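Chemist: This structure is in structure tokens; I'll ask about it shortly.
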Amino acid sequence: MSASTDKKQRQLARAAGTDKKMLAAQEAAKKQAQSRRRWTIGTILVVVLVAAIILLNTGILYHGTTALTVGGTRLSPAQVNYYFGNEYVNLVNSYGSYASMLGLDTSAGVTGLKDQACSMLEEGGTWRDYFLNLAKNDASQIAALKNYAAENGISLTEEEITAAEASFEGMDDYAKQQGYANASALLAMNYGKGVNLKIVKQAALDNALASKAYQHAQDSFTFTPEEIEQHYKDYNGSHDYFDFLVYDVKGAVEEGAESASETALIEAKATADAISMAYQDGVDIEDITERFQVAVESQTGALPTSRSRVAGSSLSADYSAWLMGEREAGDVTVVADSDGSGTSVVVFLSRNDNHYNTVSVRHILIKAEKDADGNYTDEAKAAAKARAEEILAEWEAGEKTEDSFAALAGQYSEDTGSNTNGGLYEDIAKGQMVPEFDAFCFDEHQSGDTGIVYGESSGYAGYHVMYYVGQGDLYSNVLAESEMRSNSLNDWMNDLVLPYEPVEGFWLRLVG
């Protein structure tokens, strides 16, 4: 190859970019550029990550972004977290240790719900989904009721605002006692990230206003006496109470058999018929219960007879229709048990259709003190009675008015359920109170009558100083009107919240 040819080839190679030195230089430059790009991209990612961590730790994302928009109002993740956490806390407080029976593991608190399957939802739903749905509902209802309040000129008084805020007094001190920096740190731990004292205080005011609006709407519904009475009739006896006697004659089940034979059931029916006949023949025994017991004993040799007082909705289907018919005290029937186990003899005693007046009373409870073993001694009961007598004497020595009695109840009563409102219980129904208290209420007293009665339950033993206020509405009306008002209010509320369907924002993912 001539020198000129070789030179020409080298020129062509350089022109084509295939010169080794040039290729090496180009490769080095390429790698350097890629390295710079990787470094730049990596730096950007680190900066973004650091910025995200800073934003999360400072709470900017929880307070400065939108999780839900309800009725034109934007709610931050922190605000929605309060609704979410409040529903969680309410459920845990309601069920306590039994929450685990619902499949809820509370060990990780409000932040441990994302991976827990929820027994209250269809397959695939988590407890986070469950509480998030409740949070959305709460946000919608509060927004709708606040708007209703604005449209109807409803607002909180200074006293109501003070009452709503009063529960937060001393919260910082309490939080510090529990090891938290302040109240907001305690609230964030229990209700969710971003929740602070400011948010919870505002939620308390919103709830108070919503409750006032709700009560305003509830009071606006009116019903005529005829409508109320018809509504009660439409219950078809399900709210009435039935007193009756029943004796079950079961068919004998032979060893190894799963149920009574046909012969055994025929024998049971014959015995039940014989009891019914003996009962009807024993008209010389005036007391119905005694007559029935004598009839049962004459045919079976057994004495026990079951007396029942049952609401119509809980009656056995075997004899509910018979009891709800036109019955008189002492009527008797024989019915086959629907489970095929035998035959029952039933005697009607009475039917209470709740057409009696409720009553209102005030009382002052003085409890007897328990001894070291947790028992109430006669001495302790006597001391409580003596103290009750002293209080009644103090009232009698004064103005002897309902207001003066209410003042003494606020001063002395140990019943935390009524001592803050002068010991008042309104619209009491029969059987609602302990027997002695109940007997006083329905003993045909006049307004202003007083007395002292003993009372005892699983939680206390002691004496009630009683003041009879007067009668209220028929209990049947109370039951019917309460349901009518509730139904009307539910329908109204459903219509009210329709325009307030929550719109989810990107940052809803931070909730829970």
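Chemist: Could you run through the stretch 354-383 and say how many residues are over 9 Å from Gly462 (Cα atoms) and in a strand (DSSP E or B)?
Modeler: So the count comes out to 8.
Chemist: Mind listing whichever residues of the stretch 403-430 are open to solvent by less than 60 Å² (accessible area, probe 1.4 Å) and either assigned to a strand (DSSP E or B) or closer than 23 Å to Leu474 by Cβ (or both)?
Modeler: Listed by number, the residues that qualify are Leu424, Ile428, Ala429.
Here's the yes/no breakdown for (1) among the hydrophobic types (A, V, I, L, M, F, W, C); (2) farther than 30 Å from Gln218 by Cα:
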position: Phe405; (1), (2): yes, yes
position: Gly410; (1), (2): no, no
position: Ile452; (1), (2): yes, yes
position: Val465; (1), (2): yes, yes
position: Leu479; (1), (2): yes, no
position: Pro499; (1), (2): no, no
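Chemist: Let me ask something else. With polar (S, T, N, Q), at pLDDT 90 or above and out of contact with any Cys (no Cβ under 6 Å at 6 or more places or on another chain) as the only criterion, which of Thr126, Thr65, Thr111 stands out?
Modeler: Just a single option satisfies the conditions, and that option is Thr65.
Chemist: Considering only residues that are part of a loop (DSSP other than H, G, I, E, B) and farther than 26 Å from Lys233 by Cβ, which ones fall in the stretch 331-353?
Modeler: Asp337, Ser338, Asp339, Gly340, Ser341, listed by residue number.
Residues checked against (1) assigned to a loop (DSSP other than H, G, I, E, B); (2) in contact with a strand residue (DSSP E or B) (Cβ under 9 Å, 6 or more places away or on another chain); (3) basic (Lys, Arg); (4) exposed (fewer than 13 other Cβ atoms within 10 Å of the Cβ):
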| site | (1), (2), (3), (4) |
| --- | --- |
| Glu226 | no, no, no, yes |
| Asn236 | yes, no, no, yes |
| Asp243 | no, yes, no, no |
| Val246 | no, yes, no, no |
| Val249 | no, yes, no, no |
| Gly256 | yes, no, no, yes |
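Chemist: For the stretch 144-185, enumerate the residues that are assigned to a loop (DSSP other than H, G, I, E, B) and among the aliphatic types (A, V, I, L, M).
Modeler: If the condition is that a residue be assigned to a loop (DSSP other than H, G, I, E, B) and among the aliphatic types (A, V, I, L, M), then Ile154, Leu156, Ala181 are the ones that fit.
Chemist: Only one of Val361, Val334 is among the β-branched types (Val, Ile, Thr) and open to solvent by less than 20 Å² (accessible area, probe 1.4 Å); which?
Modeler: Val361
Chemist: Another question, then. For the stretch 156-165, state whether one or more residues are β-branched (Val, Ile, Thr), open to solvent by less than 40 Å² (accessible area, probe 1.4 Å) and at pLDDT 90 or above.
Modeler: No, the stretch 156-165 has no match at all.
Chemist: Right, something else. Assuming Leu489 fulfils every condition listed in (1) under 30 Å from Leu113 (Cβ atoms); (2) under 25 Å from the mean Cα position of the chain (by Cα) apart from one, which condition is it?
Modeler: Of (1) under 30 Å from Leu113 (Cβ atoms); (2) under 25 Å from the mean Cα position of the chain (by Cα), only one is false for Leu489: (1).
Chemist: Output the number of the condition that Gln218 fails; it satisfies all remaining conditions of (1) open to solvent by 30 Å² or more (accessible area, probe 1.4 Å); (2) in a loop (DSSP other than H, G, I, E, B); (3) not acidic (Asp, Glu).
Modeler: Among (1) open to solvent by 30 Å² or more (accessible area, probe 1.4 Å); (2) in a loop (DSSP other than H, G, I, E, B); (3) not acidic (Asp, Glu), the lone unmet condition for Gln218 is (2).
Chemist: If you go through the stretch 110-143, how many residues are farther than 30 Å from Ala217 by Cβ and in a loop (DSSP other than H, G, I, E, B)?
Modeler: Result for the stretch 110-143: 12.
Chemist: While we're here: Considering only the stretch 100-158, state which residues are in contact with a strand residue (DSSP E or B) (Cβ under 9 Å, 6 or more places away or on another chain) and β-branched (Val, Ile, Thr).
Modeler: Within the stretch 100-158, Thr126, Ile142 qualify.
The values are calculated or read from the model by the stated rules, or taken from the named source; none is laboratory data. Because the structure is predicted, anything quoted here is derived from the model rather than measured. Note that we place each Cβ from the backbone using ideal geometry, even for glycine, and neighbour counts take in every protein chain shown. These accessible areas exclude ligands, DNA and RNA; they are computed on the full protein's heavy atoms, side chains included. Shrake-Rupley method; radii C 1.70, N 1.55, O 1.52, S 1.80 Å.
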